[in-house]
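One structure below.
The values are calculated or read from the model by the stated rules, or taken from the named source; none is laboratory data. Treat the numbers as computed from the prediction; the structure is a model and nothing was measured. Cβ placement follows ideal geometry from the backbone for every residue including glycine, while neighbour counts extend to all protein chains displayed. Please note that ligands, DNA and RNA were not included when accessible areas were found on the heavy atoms of the full protein model with its side chains. Shrake-Rupley method; radii C 1.70, N 1.55, O 1.52, S 1.80 Å.
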Amino acid sequence: MTRTATTDDRRSVAVVGSTGSVGTQTLEAVVDDPDRYDVIALAAGSSVDALVAQSLEFRPSFVAIGDETKRQDLVDGLTAAGLDIEVGSGTDALAECARRADITVNAVVGFAGLPVTLASLESGKRLALANKESLIAAGPVVQAARRTPGAEIVPVDSEHAAVHQCLRANDVATRVARIQLTASGGPFRGRKQAELESVSIEDALAHPTWSMGPKITIDSSTLMNKGLEVIEANELFGGPAGDLGCGITIGDIDVVVHPQSIVHSMVTYSDGSTIAQLSLPTMKLPIVYALAFPDRFPVPYGAIDWATLGSLDFETPDLDAFPCLNLAFEAGRIGGTAPAWLSAGNEVAVEAFLAGMIRWIDIADINASVLAAHDGGNGATLEGVLEGDHVARLRADELVKEACNR
Ligand code: MG
């Protein structure tokens with residue numbers, strides 16, 4: 001049975017990272033369900049023109065740009081469009097968006113999303129989390145913020161949205177035995193290590209099943225995305241039973257390659273029963289799940305046609321060809337600032353690859369060297385995490401230079 005939204009049901013939404021892949025899909029989802037959500041804040045890193053166009057369409061009360069040097073361009077663009085909207089710039093302006101809305105979709109790319117994650121949780125609001133790096137790099141800091149009354153994370157990452165749904169199938173969260181995260185395998189699935197030495201940027205960006213931004217698409221090609229998702233799952237679901245926690249450790253998480261991207265992840269309970277979540281591979285579904293949770297509203301994004309689905313295949317990942325997956329397990333087991341180091345080094349390496357400076361296979365080598373250089377540090381404080389991120393980036397910059405000179 002469906003019902004019509006009333007005024008009381010309307011939720012205010014901030015979309016931070018609104019001009020990227022998840023951001024634009026979130027806004028499309030809002031347009032598809034116009035009676036339910038009010039977009040009150042929009043923020044982008046540096047894409048002024050797209051942000052002005054979105055502001056014209058959604059009429060938010062606050063617009064922010066991460067890049068301080070673009071502030072005047074944004075003010076001018078809004079004025080030229082006849083819009084009188086409060087403008088903010090810089091990191092804290094992105095966080096300010098999160099303080100103002102009932103629900104914040106954090107779709108920032110990379111570590112830059114951390115202030116948004118913290119601001120949303122510390123304000124006791126819902127965080128629809130698409131920015132996995134903030135949770136990975138600053139796990140203990142984010143966990144503390146999660147304990148703010150009213151704060152909750154609903155994952156937008158499709159695998160974690162799937163696990164979130166699977167965990168709700170059972171009241172006894174302590175009876176979870178294992179979590180299986182599925183991976184499409186990316187564009188290089190089935191290729192051996194030696195066949196990957198000369199792959200191009202275009203090859204790596206050609207994802208077979210998911211349409212995503214460039215950083216995460218490259219991460220999918222190296223399986224680093226899946227590795228980061230293992231750490232993300234451990235942070236989201238590894239706590240004591242209650243809320244999202246089910247007491248698992250990183251050793252209880254498996255990665256299984258599933259090229260059709262229909263099963264988005266699974267939870268196996270102590271009695272050997274596995275609960276899986278299946279749907280079409282569109283990011284709109286986990287986005288609307290995170291907006292509507294715990295309700296489910298009708299959306300026009302299709303459902304599986306079982307008669308034409310065909311087979312669902314599952315394989316073990318090739319850890320020789322895709323060493324980044326093991327690096328992430330290692331960083332997750334070390335804990336502390338190790339995930340922050342790995343994620344920071346990976347951001348630098350992926351950026352260098354996308355700029356044509358290094359080869360695809362150099363990404364894994366740089367990540368391995370950065371993790372090997374990890375020297376502890378305090379992962380429980382924001383200062384410690386920022387320091388770890390900074391030092392790891394410096395080390396990765398050096399490694400990029402060395403790789404360029406080879
Ligand atoms: Mg994912």
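Numbers at a glance
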| quantity | calculated |
| --- | --- |
| Residue in the range 309-317 that is under 29 Å from Gly20 (Cβ atoms) and either aromatic (Phe, Trp, Tyr) or within 16 Å of the ligand (Cβ to nearest atom) (or both) present | yes |
| Residue that is modelled with the highest pLDDT, among those in the range 362-383 that are within 18 Å of Val142 (Cβ to Cβ) and more than 22 Å from the chain's Cα centre (by Cα) | Glu383 |
| Hey, Pro115 touching a Leu at 6+ places or on another chain (Cβ under 7 Å) and within 14 Å of Leu129 (Cα to Cα) or not | yes |
| Of all residues in the range 155-170 being away from the ligand (no atom under 14 Å from the Cβ) and closer than 14 Å to Ile248 by Cβ, the one that is surrounded by the most Cβ atoms within 10 Å (Cβ to Cβ) | Cys166 |
| Flag for Arg189 being open to solvent by 80 Å² or more (accessible area, probe 1.4 Å) and closer than 18 Å to Ala364 by Cβ | yes |
| Strands (runs of 3 or more DSSP E) contained in the range 188-284 and holding at least 1 residues charged (D, E, K, R) and within 16 Å of the ligand (Cβ to nearest atom) | 253-257 |
| Single unsatisfied condition, Val109 versus (1) under 20 Å from Met283 (Cβ atoms); (2) among the hydrophobic types (A, V, I, L, M, F, W, C); (3) crowded, with 24+ Cβ neighbours inside 10 Å | (3) |
| Criterion violated by Glu202 - all others in (1) over 14 Å from Lys226 (Cα atoms); (2) of a type in the set (Asp, Glu); (3) surrounded by 19 or more Cβ atoms within 10 Å (Cβ to Cβ) satisfied | (3) |
| Given (1) of a type outside the set (Asp, Glu); (2) touching a helix residue (DSSP H, G or I) at 6+ places or on another chain (Cβ under 8 Å); (3) on the phi > 0 side of the Ramachandran plot, number of the condition Ser18 does not satisfy | (3) |
| Residue within the range 104-126 that is within 16 Å of the ligand (Cβ to nearest atom), at pLDDT 95 or above, in contact with a Pro (Cβ under 7 Å, 6 or more places away or on another chain) and closer than 22 Å to Gly20 by Cβ present | no |
| Scan of the range 133-152 for residues that are within 16 Å of the ligand (Cβ to nearest atom) and open to solvent by less than 10 Å² (accessible area, probe 1.4 Å), ordered by number | Ser134, Leu135, Ile136 |
